[in-house]
Amino acid sequence: MIGVFDSGLGGLTIFKGLLKELPDYNYIYLGDNARVPYGGRSDEIIYRYTKQAVDFLFSQGCQLVILACNTATSVALRRLQREYLPLTYPQRRILGVIRPAVEVAVELSFNNRIGVIGTDATVNSGAFERELKKIRSNFKVFQQACPLLVPIIEAGELKWRGLDLILDKYLASLKRKDVGALILGCTHYGLIKDKIQQHIGKKVRIISEEEILPAKLQDYLWRHPEIEKKIPRDRKIRYLATSYSQRFTELTSLFLGKKVEFEVVDIDK
Ligand code: DGL
C-alpha cells in the first residue's frame, strides 16, 4: 500500500490527483484532523505528530508513505529519513511534496527567482530554500507565510472579496521581487490557484502540487522497482481520520470532490 498523510483533510487535494493518474495501487489516506492545523505549531510537536502518523501507516502495511503536507514535509521529512527510518523500517520509504515542487519550479521559472507561499512553520523551516539550493545554487528564493489562507479556505470562502485584500497584502512583496515562478507550498492553496494567479500576475508560473505529484510519483516508482513491486494493485482504498470534526463532510467534499466513508483511528501512542 501507499500511505498518504496530511495534517488534516487538505491533503485530499493531492490524493485526488494520485487516484486519478495512478488508480491501480492500493492506498491508505490518513488525515490527522483531530490536531490540524500543524502550521502554527512548534517543530518538535510537528515532528512528533508526523512520526506517529508515519509509524501508524507503516503498521498498517504501507511500503511507502507520502507526506502530502508541506508543513510535515518541511519540518519532519529529512529528520524522519535520517533518524527514524534506518532504525525502524530500513526497507521502506518516506517521501514529501517539497522536492518535486522545487524540481518543477526550477524548470518553469523564466528567471532564477522563485517565490514560495505556505504556513508559518513551512516558511520558518527554510526547507524550500534548502532543497532548491541543492539543485541550483544560483537561484534566489523569496518566501511569504500566509497564515490566514487555510482558515478562509476551510470556511469555504473561496470567492469572498476579503480574500482578494488578503492576497494583495501577502503577494505584494513577492510581486516586487519579480519572481518567475510561485510555489503554492500548502495543500489548500490549489483551490484558489486562479485568484493567486490574478494577484501575482499572468506571467508568473504557478506550481500547484496536486498537478505535479502524480507524475513525480510515477517517475519515482519506475526508478525504484524494489519498492514498486511490493505495492499491491487491487485498487483498494482506505480513508482514515483521527476524529469526526464538525464540518467533516463539507471538507471532504471540498478537497476530494466527493463523499467517502472514513474510519476514525487513534494514532497518539
Ligand atoms: N496541510 C498543511 C500544509 O500543507 C496546511 C494545514 C496545516 O497547517 O496543518 O502545510
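The values are calculated or read from the model by the stated rules, or taken from the named source; none is laboratory data. Just so it is clear, the model here is predicted, and its values are computed rather than measured. Every residue, glycine among them, receives a Cβ derived from its backbone with ideal geometry; neighbour counts consider all protein chains shown.
Quick look at the numbers
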| read-out | value |
| --- | --- |
| Considering residues of region 167-179 that are crowded, with 18+ Cβ neighbours inside 10 Å and more than 16 Å from the ligand (Cβ to nearest atom) only, the residue nearest to LEU108 (Cα to Cα) | VAL179 |
| Which numbered condition ILE66 misses (of (1) assigned to a helix (DSSP H, G or I); (2) surrounded by 21 or more Cβ atoms within 10 Å (Cβ to Cβ); (3) within 16 Å of the ligand (Cβ to nearest atom)) | (1) |
| Failed criterion for ILE183 (all others in (1) more than 14 Å from the ligand (Cβ to nearest atom); (2) surrounded by 20 or more Cβ atoms within 10 Å (Cβ to Cβ); (3) in contact (Cβ under 8 Å) with a residue 40 or more places away in the chain; (4) not in a loop (DSSP other than H, G, I, E, B) hold) | (1) |
| Any hit, region 93-101, residues being under 20 Å from LEU174 (Cβ atoms) and touching a Leu at 6+ places or on another chain (Cβ under 6 Å) | no |
| All positions within region 82-118 that are part of a helix (DSSP H, G or I) and either under 17 Å from the mean Cα position of the chain (by Cα) or aromatic (Phe, Trp, Tyr) (or both) | TYR84, ILE98, ARG99, PRO100, ALA101, VAL102, GLU103, VAL104, ALA105 |
| Looking only at region 223-269, and only at residues there that are acidic (Asp, Glu) and farther than 18 Å from VAL4 by Cα, the one that is modelled with the highest pLDDT | GLU226 |
| Residue list for region 81-112, restricted to those being farther than 20 Å from ILE227 by Cβ, surrounded by fewer than 18 Cβ atoms within 10 Å (Cβ to Cβ) and not aliphatic (A, V, I, L, M) | GLU83, GLU107, PHE110, ASN111, ASN112 |
